[in-house]
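Engineer: Below are the C-alpha cells for one structure; questions will follow.
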Amino acid sequence: MDALTCIKKLGYVGVLDFATVDEDGAPQVRNISAIHYEGTDIYFLTARGKYFASQLRRDGRVQILGYTRYKETIRVSGRAEEVPEDEQLKWRNVLYEEQPYLENVYPGETKNIDTIFVLREYAIEYFCLSTRPITREYFAVGIARVKPKGYAVTDACVGCGACLAVCPQNAIGEGAPYAIDRNHCLQCGNCAEHCPVGAIRRVCG
C-alpha cells in the first residue's frame with residue numbers, strides 16, 4: 001500500500017464524507033462526489049455561497065473519509081486551498097466533464113457560482129479490517145506530517161504479559177519493554193486497561 005494507491009481507492013468509492021468545523025467549533029460533515037484526482041492532488045467543487053466553502057476559507061482544515069467494500073477505511077487529513085482565479089475555469093471544466101450530473105445541479109450560467117478547492121499536502125491513515133491481524137498504515141503527501149496515534153509501552157513495563165493476553169489482534173511482542181506494532185493495533189486500549197502497573201500510555205500526536 002502507498003499514498004497513490006489509497007487515492008485510487010477513494011476514486012473507486014466515489015462519494016466521500018468531508019468534515020469541517022463551523023464558526024462555533026461544531027463538526028459539520030457532508031457527502032461530496034464532485035472530486036477530481038490529479039496524481040495525489042485532490043480537487044473538489046462546491047458553491048461559493050455554501051457554508052462548506054466559508055468554513056474552508058476561514059480555517060482550511062478538512063478531513064475526508066472513504067470506506068471500501070473490502071472493509072478498508074481511508075482517512076485524509078489536511079488543509080484545503082481555493083484554486084487561484086485564473087485556474088478555476090480549467091478545473092471546473094474537468095470536474096463537469098467527469099461528473100455530467102453537475103449540469104443538472106448548476107445548469108447554464110448558474111455554474112459560475114461554483115468554486116474549486118484543492119488538497120495538496122495531507123496525511124493518510126489506511127485501516128483494513130478484512131486482514132488478520134488488521135492492517136493500519138500511515139502516509140504523508142507533500143510536507144504534511146503524520147501524527148502518531150495509538151498506544152505505546154513505556155519503560156515502566158515489568159514484562160508480566162498481561163497486555164499480550166488481552167490484545168485482540170496479537171499486536172504486542174515480548175521484550176524489555178514489550179512493544180506494540182502500530183501497523184496491526186486496533187487502538188482499542190484493552191492493553192492499557194489491563195496493565196497492572198500503568199506502563200501503557202496513549203500516544204498523542
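One line per residue, one yes/no per condition, for (1) part of a strand (DSSP E or B); (2) outside the structural domain of Ile74 (by TED's automatic domain parsing); (3) in contact (Cβ under 8 Å) with a residue 12 or more places away in the chain; (4) within 25 Å of Thr68 (Cβ to Cβ):
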residue: Asn104; (1), (2), (3), (4): no, no, no, no
residue: Glu109; (1), (2), (3), (4): no, no, no, no
residue: Ala123; (1), (2), (3), (4): yes, no, yes, yes
residue: Tyr126; (1), (2), (3), (4): yes, no, yes, yes
residue: Thr131; (1), (2), (3), (4): no, no, no, yes
residue: Glu137; (1), (2), (3), (4): yes, no, yes, yes
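Engineer: I'd like the residue in region 177-199 that is among the aliphatic types (A, V, I, L, M) and assigned to a loop (DSSP other than H, G, I, E, B) and, out of all such residues, is surrounded by the fewest Cβ atoms within 10 Å (Cβ to Cβ). Full working, then the answer.
Structural biologist: Taking region 177-199 as the starting set, the residues that turn out to be among the aliphatic types (A, V, I, L, M) are 179-180, 186, 192, 197, 199.
Still in the running and assigned to a loop (DSSP other than H, G, I, E, B): 186, 197, 199.
Numbers: Leu186: 18, Val197: 11, Ala199: 21.
So, considering only residues that are among the aliphatic types (A, V, I, L, M) and assigned to a loop (DSSP other than H, G, I, E, B), the one surrounded by the fewest Cβ atoms within 10 Å (Cβ to Cβ) is Val197.
Engineer: Considering region 16-49 alone, what residues qualify as being over 14 Å from the mean Cα position of the chain (by Cα), within 17 Å of Trp91 (Cβ to Cβ) and not in a strand (DSSP E or B)?
Structural biologist: Across region 16-49, the qualifying residues are Ser33, Ala34, Gly39, Arg48.
Engineer: Looking at region 65-100 only, could you name the residues that are in a strand (DSSP E or B) and surrounded by fewer than 18 Cβ atoms within 10 Å (Cβ to Cβ)? Break it down stepwise before answering.
Structural biologist: Of the residues in region 65-100, the ones in a strand (DSSP E or B) are 65-67, 72-79, 81-82.
Answer for region 65-100, where residues must be in a strand (DSSP E or B) and surrounded by fewer than 18 Cβ atoms within 10 Å (Cβ to Cβ): Leu65, Tyr67, Thr73, Arg79, Glu81, Glu82.
Engineer: Out of region 163-176, which residues are closer than 14 Å to Pro196 by Cα and buried (at least 17 other Cβ atoms within 10 Å of the Cβ)?
Structural biologist: Answer for region 163-176, where residues must be closer than 14 Å to Pro196 by Cα and buried (at least 17 other Cβ atoms within 10 Å of the Cβ): just Cys163.
Engineer: Same structure, new question: Would you pick out the residues in region 30-44 that are over 16 Å from Ile74 (Cα atoms) and among the aliphatic types (A, V, I, L, M)?
Structural biologist: Hit for region 30-44 is Ala34, nothing else.
Engineer: Further question on the same structure: Would you mind finding the one in Tyr51, Tyr43, Tyr37 that is touching a His at 6+ places or on another chain (Cβ under 8 Å) and either modelled with pLDDT of 95 or more or among the acidic types (Asp, Glu) (or both)? Before you say what the answer is, go through the steps one by one.
Structural biologist: Values: Tyr51 fails: touching a His at 6+ places or on another chain (Cβ under 8 Å); Tyr37 fails: touching a His at 6+ places or on another chain (Cβ under 8 Å).
Only one candidate passes the filter, namely Tyr43.
Engineer: A follow-up question, please. Go through region 101-127 residue by residue and tally those that are in contact with a helix residue (DSSP H, G or I) (Cβ under 9 Å, 6 or more places away or on another chain), exposed (fewer than 15 other Cβ atoms within 10 Å of the Cβ) and among the aliphatic types (A, V, I, L, M).
Structural biologist: Within region 101-127, residues that are in contact with a helix residue (DSSP H, G or I) (Cβ under 9 Å, 6 or more places away or on another chain), exposed (fewer than 15 other Cβ atoms within 10 Å of the Cβ) and among the aliphatic types (A, V, I, L, M) number 1.
Engineer: Oh, and also: Within region 139-150, can one find any residue that is under 22 Å from the mean Cα position of the chain (by Cα), surrounded by 17 or more Cβ atoms within 10 Å (Cβ to Cβ) and not in a loop (DSSP other than H, G, I, E, B)?
Structural biologist: Yes, there is a match, as at least one residue in region 139-150 is under 22 Å from the mean Cα position of the chain (by Cα), surrounded by 17 or more Cβ atoms within 10 Å (Cβ to Cβ) and not in a loop (DSSP other than H, G, I, E, B).
Engineer: Quick one: in region 15-64, of everything that is among the aromatic types (Phe, Trp, Tyr) and under 15 Å from Asp114 (Cβ atoms), which residue is surrounded by the fewest Cβ atoms within 10 Å (Cβ to Cβ)?
Structural biologist: Only one residue fits best here, namely Phe52.
The values are calculated or read from the model by the stated rules, or taken from the named source; none is laboratory data. Everything numeric in this text was worked out from a predicted model, so none of it was measured. Cβ atoms come from the backbone with ideal geometry, glycine included; neighbour counts cover every protein chain shown.
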